[in-house]
1. For the charge dipole of the chain, defined by +1 on Lys and Arg C-beta atoms and -1 on Asp and Glu C-beta atoms about the Cα centroid, which residue among 110, 125, 58 has the Cα displaced farthest towards the positive pole?
2. If you take the alpha carbon radius of gyration of region 96-156 and divide it by 2.2 N^0.38 Å, what ratio comes out, to two decimals?
3. Dividing the alpha-carbon Rg of region 67-130 by 2.2 N^0.38 Å yields what?
4. From the helices alone, meaning DSSP H stretches of at least four residues, give me the mean residue ellipticity at 222 nm for the chain, per-run term -39500 (n - 2.57), in deg cm²/dmol to the nearest 500.
5. In a Gaussian network model over the chain where Cα atoms closer than 10 Å are linked, find which of 92, 79, 143 has the largest mean-square fluctuation.
6. Which distance in nm do the two modelled labels at residue 121 and residue 86 give, with both placed 7 Å along the Cα-to-Cβ direction?
7. When N is the residue count of the chain, what does its C-alpha Rg come to as a fraction of 2.2 N^0.38 Å?
8. Report the full-extension gain for the segment residue 1 to residue 99: residue separation times 0.36 nm, less the Cα-Cα distance, to one decimal in nm.
Amino acid sequence: MTRDQQITELRKLVSRRISGLLFWLCLAAAVCGLLLAWRVQGQGWFMGAVVLGIIAAVLRRVSVHQHDALAALDSARSEPASVEIDIEDTSESRRYYARVRMASGAVWRMEFVPLCWKPQAGTFAAEARFAPAVEWPALLLLEEGIFHPVYRPQVS
């Protein structure tokens, strides 16, 4: 997929509000599970509710970063950066990490999930875009593709 196609996919993903809808669905199911656990005194229902609550929290965090990425895409605030991508490949999953060195000197560490592309390990030139109320790069545009943080990035 080209970078422009990935940007279009990001816009579609945020406009569909799927992660927001799933958040509310998981939250409602967790509350119902807690009420049912209280009513029937069942530990299974309680554990199910806790798991759904954790899933809801993760979905909420991810959707916030997706919205920030879209806001950054439409923002004029950008800065050149160098991105060092590391890949942690286990038998069960593949996790992507980036160390983003800003032209201003700041260095951000973040985990990301690529949107419709397969990053390679290495160092790449990028354009870092910032959302209006966010201090870290909310979206990174590389020649090969785009990505945004999954969790709040840390300053190195």
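1. Ranked along the dipole, the leading option is 58.
2. On the way: Rg = 10.8 Å, N = 61, 2.2 N^0.38 = 10.5 Å.
Normalised Cα radius of gyration, region 96-156: 1.03.
3. 1.19
4. The per-residue figure over the chain is -15500 deg cm²/dmol.
5. Between 92, 79, 143, it is 92 that shows the largest mean-square fluctuation.
6. Taking the two extended label points, one gets 1.0 nm.
7. Numbers: Rg = 18.2 Å, N = 156, 2.2 N^0.38 = 15.0 Å.
Here the Cα radius of gyration is 1.21 times the empirical estimate.
8. Working: separation 98, 0.36 × 98 = 35.28 nm, distance 2.35 nm.
Computed gain between residue 1 and residue 99 is 32.9 nm.
Every read-out reported here was derived from the displayed coordinates using simple, explicitly stated rules and does not represent laboratory data. Just so it is clear, the structure is predicted and the values come from calculations on it, not from any experiment. Using ideal geometry, Cβ is built from the backbone for each residue, glycine included, and neighbour counts are taken over all protein chains shown.
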